[in-house]
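Right, one structure below, let's go through it.
The values are calculated or read from the model by the stated rules, or taken from the named source; none is laboratory data. Everything numeric in this text was worked out from a predicted model, so none of it was measured. Cβ: placed from backbone, ideal geometry, glycine included. Neighbour counts: every protein chain shown. Accessible surface areas use protein heavy atoms only, side chains included; no ligands, DNA or RNA. Shrake-Rupley method; radii C 1.70, N 1.55, O 1.52, S 1.80 Å.
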Amino acid sequence: MRASLLLLLGLGLGCASSTEKVEEGADGAGEADGATGGADAADGAADAGGEGQEEGADGADGADGAAVDADGDGSPAPADCDDDDPLRSPELVELPDDGIDNDCNPATCPGLGFADRPVDYALPEGYPALSFIVQQREARCADGLRAHSLRELDGDGWLDLVVTASPCGGEEPGLAAWWLHRGGPDGFSAVASPWALPSAFPAGSLSAPTGVADCGLGRPRYGLLDVNGDGADDLVAFSAACGEGEPGLSSWLVAPSDGAAGFGAAADWALPADAPAGGLRAPSAPADCGAGQPAYALVAARRGAAPGLMFTGAACGDGAPGEGSWTFSAPGAAGFAAGVEWALPAGRWDGLTGLPDCGAGRRGWATLDLTGDGLLDLVETEGCDGGGWTLFVGDGAGFSTEGRPLSLPSALAGLLPSPGVAADCALGRPAVSLLSLRPGAAPALVITASACGDDALGTSLWRAHLPVEGGWAEEAGELNLPPGFSAGSFAAVGGERGCAAERPGWLLAELTGDGQLDVVITALPCLEDGVGADRWQIYPGSCAP
C-alpha cells in the first residue's frame with residue numbers, strides 16, 4: 001500500500017556517492033542526447049562563459065528576440081531555473097551532497113534526506129483560507145471551519161483529505177455522508193465526492209474519524225481501521241452507545257469501505273470465542289481484574305496483513321498471557337479466530353511496549369519489525385542502568401527464546417530506554433527516533449536534535465545511524481532537511497506552526513507516490529504565501545536505495 005503517514009517501519013537510506021554521480025554524468029549523461037554531465041558540464045560552462053554571455057547579449061539586443069543564456073551553461077531562461085549560475089541547469093546531472101539543485105529538478109537526489117526545494121501539492125477549492133493549515137482539525141462554528149482528516153478511504157494507495165463535519169453541525173458533511181477529496185500525485189481533487197456513511201449509525205453522529213460512545217446521540221464508540229487488509233479504512237463500532245450489549249459483547253460492527261463511494265452495509269465482526277465474558281469494548285485496553293479482561297491490542301503479525309487481537313497481559317497480573325506466551329487471534333473473513341499461543345522469551349511481558357521499571361530492575365521493551373523481514377520482533381531496551389538492547393527475533397508465531405545483543409552507537413549507549421526519546425540537556429541525551437523514511441528495510445536510529453539544541457541538528461540536518469549486521473553503525477550519516485527554516489523547526493518528528501518562533505506546521509507523510517516519506521509543510525510560520533490555503537509544500541524524500 002503506497003499511502004502512509006509516519007510509521008515505525010524500516011528505513012532504507014542510500015545514495016550514490018559524489019564520485020559515482022560525477023563519473024555517471026561524465027561518461028553517459030548523455031553524449032547521445034546532447035546533454036553534458038556532472039563536473040564536465042560545470043567546467044565547460046566556466047570555459048565558455050564569456051562566449052555564451054556574449055551570444056546571449058547579442059541575442060537580447062537583436063531584433064530577432066533570441067533567448068538569453070546569461071550564465072553560458074547552454075540552457076537559456078526560462079528553462080534554466082537560475083540563469084546566473086552555470087552550476088544549475090536542466091542539462092546537468094544532480095550531484096549529491098553539494099547543496100545545489102544542479103538539474104533544476106527538486107525531486108532528484110541532492111543528498112540523503114529530503115529535497116532542497118519544494119513542490120506544490122494542491123488543496124481543495126472553496127474552503128475558508130485557514131481550513132487546511134493542519135493535517136486534522138475539529139469543526140469550529142465561530143470560524144466557519146469544517147472538520148477534516150488525512151485518511152485512506154478508497155484503497156487506491158493515495159492519502160485522501162476527508163471532510164467529516166460542517167462548521168456548526170446540522171448539515172453535510174457529517175449527516176449521511178463525508179466529503180472525500182481524493183489524493184493524487186499533484187494534490188487533492190478540487191471538488192469533493194460524497195462518501196456515504198452507513199445507515200446503522202444515527203445521522204450526525206459521525207463527525208470525526210473516531211468518536212467516543214454517547215448515549216444521548218445514540219453513537220457507539222467507533223474508529224477507522226482496515227480490518228480486512230484491503231488497504232482501505234473501514235468504519236468499526238467497538239462498543240454500544242450506552243455501554244451495554246452489542247457491539248462490544250460478542251462482536252464489533254464493521255461497515256467496510258467499498259473503495260468507490262462510501263462504506264457498505266454494516267455487519268457483525270465476531271470477537272474470539274475465548275474472549276472475556278464482558279466483551280471487548282475498545283480497540284485496545286489494559287488488564288482489568290474486576291472485569292476479568294486481559295490486556296489486549298490490535299496488531300498485524302505480518303507487514304501488510306489485516307490486524308489481529310494480541311492478548312498480552314493476564315487480567316489480574318499473573319501467568320499467561322504475559323508470562324510464557326501471549327495469545328493471538330488472527331483475523332478471518334467475518335471476525336477473529338480463536339486465540340493461539342504466541343511464544344515469549346523468559347520473563348514477564350504484559351504489553352506490546354513497556355518502560356523501564358527501576359524499582360523492579362526491569363528493562364523496557366517494544367514490539368516492531370527490527371529486521372526488515374515484515375515480521376514482528378521483540379526488543380528489550382535499556383534499563384535504568386543502561387545494559388544495551390537485546391533482540392528476540394519473530395517468526396510470525398512468537399519470538400525466539402534466546403536473545404542476541406544489538407550494538408548501539410557508543411554516543412547513545414545508556415541513553416535509550418525506548419525506541420524514541422526526547423532530548424534531555426541534563427542527561428546529555430539527544431532526541432532519537434527509530435524512524436522510517438521508506439518501508440520495507442531495517443530501521444535506523446535518527447537523531448533529530450542535540451541534547452541542548454545548540455547546533456544544526458533539527459534545523460538543517462538530522463543524523464542517521466544506519467542498520468548494520470547486529471545493530472546500528474557507529475558513525476552517523478547526515479540527512480538533509482528543507483533549508484531556510486528557523487532553528488529547531490525539525491527537532492521532533494512533526495511540528496505545530498508558530499509565528500513568533502518562526503516555525504512551520506509540518507508532518508511526515510507519503511504524498512508523492514514513490515514509497516518514501518516526505519516533509520509536508522502545511523503552513524508557513526505566519527500563514528504567508530498561501531501555504532495551507534490553496535496548497536501544501538512538499539519536500540520529497542530523496543536518495544532512494
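Of all residues in region 212-234 being more than 23 Å from SER329 (Cα to Cα) and in contact (Cβ under 8 Å) with a residue 24 or more places away in the chain, which is least open to solvent (accessible area, probe 1.4 Å)? Spell out the reasoning first.
Step one: of region 212-234, the residues more than 23 Å from SER329 (Cα to Cα) are 212-220.
From what is left, the residues that are in contact (Cβ under 8 Å) with a residue 24 or more places away in the chain are 213-215, 217, 220.
On the way: ALA213: 45, ASP214: 52, CYS215: 79, LEU217: 92, PRO220: 15 Å².
Across region 212-234, the extreme among qualifying residues is PRO220.
Identify all residues within region 472-492 that are closer than 18 Å to SER542 by Cβ and either basic (Lys, Arg) or open to solvent by 50 Å² or more (accessible area, probe 1.4 Å) (or both); write none if there are none.
GLU478, PRO483, GLY484
Taking the condition of being in a loop (DSSP other than H, G, I, E, B), at pLDDT 95 or above and closer than 29 Å to ALA315 by Cβ, how many residues in region 250-274 meet it?
Final tally of qualifying residues: 3.
Taking interchain pairs and intrachain pairs at least six residues apart, which have beta carbon atoms under 6 angstrom, with the first residue in region 411-423 and of a type in the set (Gly, Ala, Ser) and the second surrounded by 17 or more Cβ atoms within 10 Å (Cβ to Cβ) and assigned to a loop (DSSP other than H, G, I, E, B)?
Once the first residue is of a type in the set (Gly, Ala, Ser) and sits in region 411-423, its partners that are surrounded by 17 or more Cβ atoms within 10 Å (Cβ to Cβ) and assigned to a loop (DSSP other than H, G, I, E, B) give SER418/GLY364; SER418/THR381; ALA423/PRO430; ALA423/ALA451.
So, in region 416-432, how many residues would count as being among the small types (Gly, Ala, Ser), in contact with a Lys or Arg (Cβ under 9 Å, 6 or more places away or on another chain) and buried (at least 21 other Cβ atoms within 10 Å of the Cβ)?
Residues of region 416-432 among the small types (Gly, Ala, Ser): 418, 420, 422-423, 426, 428, 431.
Those still in the list that are in contact with a Lys or Arg (Cβ under 9 Å, 6 or more places away or on another chain) too: 422-423.
With the extra rule that they be buried (at least 21 other Cβ atoms within 10 Å of the Cβ), the set shrinks to 423.
Qualifying residue count for the region: 1.
Just to verify a result, which residue in region 497-512, among those that are open to solvent by 30 Å² or more (accessible area, probe 1.4 Å) and touching a residue at least 60 places away in the same chain (Cβ under 8 Å), is nearest to ALA115 (Cα to Cα)? If you could, list the steps in order and put the result at the bottom.
Kept after step one, since they are open to solvent by 30 Å² or more (accessible area, probe 1.4 Å), are these residues of region 497-512: 497, 499-503, 512.
Next cut, touching a residue at least 60 places away in the same chain (Cβ under 8 Å) only: 497, 512.
Values: ARG497: 21, THR512: 12 Å.
By that ranking, first place goes to THR512.
When region 332-378 is examined, which residues are found to be farther than 25 Å from PHE238 by Cβ, open to solvent by 30 Å² or more (accessible area, probe 1.4 Å), part of a loop (DSSP other than H, G, I, E, B) and in contact (Cβ under 8 Å) with a residue 24 or more places away in the chain?
LEU355, PRO356, CYS358, ARG363, THR371
Take the conditions surrounded by fewer than 16 Cβ atoms within 10 Å (Cβ to Cβ), of a type outside the set (D, E, K, R) and either at pLDDT 95 or above or under 20 Å from ALA232 (Cβ atoms) (or both) and apply them to ALA291. Does it pass?
On the way: surrounded by fewer than 16 Cβ atoms within 10 Å (Cβ to Cβ): yes; of a type outside the set (D, E, K, R): yes; either at pLDDT 95 or above or under 20 Å from ALA232 (Cβ atoms) (or both): no.
Spelling it out, it is not the case that ALA291 is surrounded by fewer than 16 Cβ atoms within 10 Å (Cβ to Cβ), of a type outside the set (D, E, K, R) and either at pLDDT 95 or above or under 20 Å from ALA232 (Cβ atoms) (or both).
Which residue out of SER329, SER325 is modelled with pLDDT of 95 or more, surrounded by fewer than 21 Cβ atoms within 10 Å (Cβ to Cβ) and of a type in the set (Ser, Thr, Tyr)? Spell out how you get there, then give the answer.
Numbers: SER329 fails: surrounded by fewer than 21 Cβ atoms within 10 Å (Cβ to Cβ).
Exactly one of SER329, SER325 is modelled with pLDDT of 95 or more, surrounded by fewer than 21 Cβ atoms within 10 Å (Cβ to Cβ) and of a type in the set (Ser, Thr, Tyr), namely SER325.
For SER450, are the conditions met, namely being of a type in the set (Gly, Ala, Ser) and more than 25 Å from LEU378 (Cα to Cα)? First the steps, then the outcome.
Numbers: of a type in the set (Gly, Ala, Ser): yes; more than 25 Å from LEU378 (Cα to Cα): yes.
Yes, satisfied.
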